[in-house]
Amino acid sequence: MPELPEVEAIRRQIGCVVTGGLICMAKVQRRDVVRDRLGRREGRLSPDDLGRRRVIRDVDRRGKQLMISFSDGGGMIIRLGMSGRINLEDGSTRQSVFAHRHLVWMIESPNAPETKIRMSFIDPRRFGGVYLFTSAEDCQSRLLAGLGPEATSIQGRRLGGLLRRTRRAVKAALLDQAVLAGVGNIYADEALHRAGLHPARPGDSISSPEASRLAAAIRFTLRRAIQAGGSTLRDHVLPDGSAGVFVGQHQVYGRGGAPCLHCRHPLEVVQIASRTTTFCPKCQR
């Protein structure tokens, strides 16, 4: 599932291309992947609801969720789920053939209105979707409510306070989006390894110095992953068709049984919060 670095890398590619552009066409090819402004996934849906005749004011991100705001104050949140992706291509060329293309927007380039950009939402497994909102307040109160602080800017004191509220394993707490927005399985494993913390430690056992170390490890890991375009394991592809290359920098994730790159001790694999968790029993006591 795309985590914060993958979504942020997608946001950056999309934002610099479509921000300020006018949506001149919006087409729904599969209705049930869209939740309308009342949260419904059935019934009629107007192209205007998806931004037709609106200018894209901003492309932003909150945790793992991509947000596109329109000039009328409304907009949409795109949740990529397990296999969702956004594709950008030249609108003057013949549309590429993609299975599971559910929505298509045609956007006038903000720098050259005669040039069209075709943006598509593709999701083979359909765990993701597009969620429409009427205003920034509606978006925050209905679609983003309950999210914890952004993982990219988390500080030790704030993280320590959140972890002290739970006896769950620290890995499980990091996966909880109400605790910290944006971290998933890959980057939790990587950050815990960098911080030298065992993933099964109870959250309330993490000391203030350890919380500061973990917060710094989370920020560092996410920053490096964003710069690399995220981690392409199977489905994640950037809008220009390129892959995220942070997978080549994984220290522990997906390397169970291999030697730790720091101490050469074999990495172990356990299940925490029903997720495969890889760690070094020597470096993460």
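Of all aspartates and glutamates in the structure, the ones whose alpha carbon falls short of 15 Å from that of Lys116, not counting any fewer than 8 places away in one chain, are Glu89, Asp90, Glu108. Take the Kirkwood radius over Cα pairs of the chain, plug it into Stokes-Einstein at 37 °C and 0.692 mPa s, and you get 165 µm²/s for translational diffusion. Placing a label point 7 Å from the Cα of Cys24 along the Cα-to-Cβ direction, the residues of region 51-67 with a backbone N closer than 20 Å are 51-58.
Both the radius of gyration and Dmax for region 205-285 are 14.6, 44 Å, in that order, over alpha-carbon atoms. When each of the peptides 94-100, 123-129, 192-198 is scored by how many other beta carbons lie within 10 Å of its residues on average, the order from highest to lowest is 192-198, 123-129, 94-100. For Phe133, the residues whose amide H sits under 5 Å from its own are Gly75, Met76, Ile77, ignoring neighbours fewer than 5 places away on the same chain, with H placed 1.01 Å from N. Given a Förster distance of 45 angstrom, what is the FRET efficiency for Ser153 paired with Arg94, based on the Cβ-Cβ distance and rounded to 0.05? After rounding, the FRET efficiency stands at 0.55.
The phi torsions of region 177-193, fed into the Karplus equation with coefficients 6.51, -1.76 and 1.60 and a -60° offset, translate into couplings of 5, 6, 8, 8, 8, x, 7, x, 4, 4, 7, 5, 4, 5, 5, 4, 5 Hz, rounded to whole numbers, with Gly and Pro shown as x. With the simple model of a label 7 Å out from the Cα in the direction of the Cβ, Ser71 to Arg219 spans 3.8 nm. Please give the FRET efficiency for Lys282 paired with Ser207, using the beta carbon to beta carbon distance and R0 = 22 Å, rounded to the nearest 0.05. Computed FRET efficiency for Lys282 and Ser207 comes out at 0.60.
Once you reduce region 218-285 and region 108-180 to the center of their Cα atoms, the two points are 21 Å from each other. In this calculation the C-beta distance from Arg167 to Arg37 is compared with R0 = 35 Å, giving a FRET efficiency of 0.30.
Only helices enter this figure: runs of n ≥ 4 DSSP H residues, each worth -39500 (n - 2.57), summed and divided by the residues of the chain, yield -6500 deg cm²/dmol at 222 nm to the nearest 500. Compute the length gained on full extension between Ala112 and Asp176: take 0.36 nm times their separation in residues and subtract their Cα-Cα distance, giving the result in nm to one decimal. Value of the extension gain: 18.8 nm. Across region 48-55, computed HN-Hα scalar couplings (Karplus, 6.51 cos²θ - 1.76 cosθ + 1.60, θ = phi - 60°) run 5, 4, 8, x, 4, 6, 10, 8 Hz from first to last residue, x flagging Gly and Pro. Overall shape: prolate for region 117-191, with the ratio a/c of the largest to smallest alpha carbon gyration tensor axis at 1.5 or above and a/b above b/c. With a 1.4 Å probe and every protein chain left in place, work out the accessible area per residue of region 69-183 in Å², rounded to a whole number. Here the per-residue accessible area is 43 Å². Protection proxy ranking, highest mean first, for peptides 74-80, 257-263, 30-36: 74-80, 30-36, 257-263, where packing is the per-residue count of other beta-carbon atoms within 10 Å, averaged. Listed by chain and number, the lysines whose C-alpha is less than 27 Å from the C-alpha of Lys171, apart from same-chain residues fewer than 8 away, are Lys64, Lys282.
The values are calculated or read from the model by the stated rules, or taken from the named source; none is laboratory data. Keep in mind that this is a model prediction, so the values were computed, not measured. Using ideal geometry, Cβ is built from the backbone for each residue, glycine included, and neighbour counts are taken over all protein chains shown. Side chains included, ligands, DNA and RNA excluded: accessible areas come from the protein's heavy atoms. Shrake-Rupley method; radii C 1.70, N 1.55, O 1.52, S 1.80 Å.
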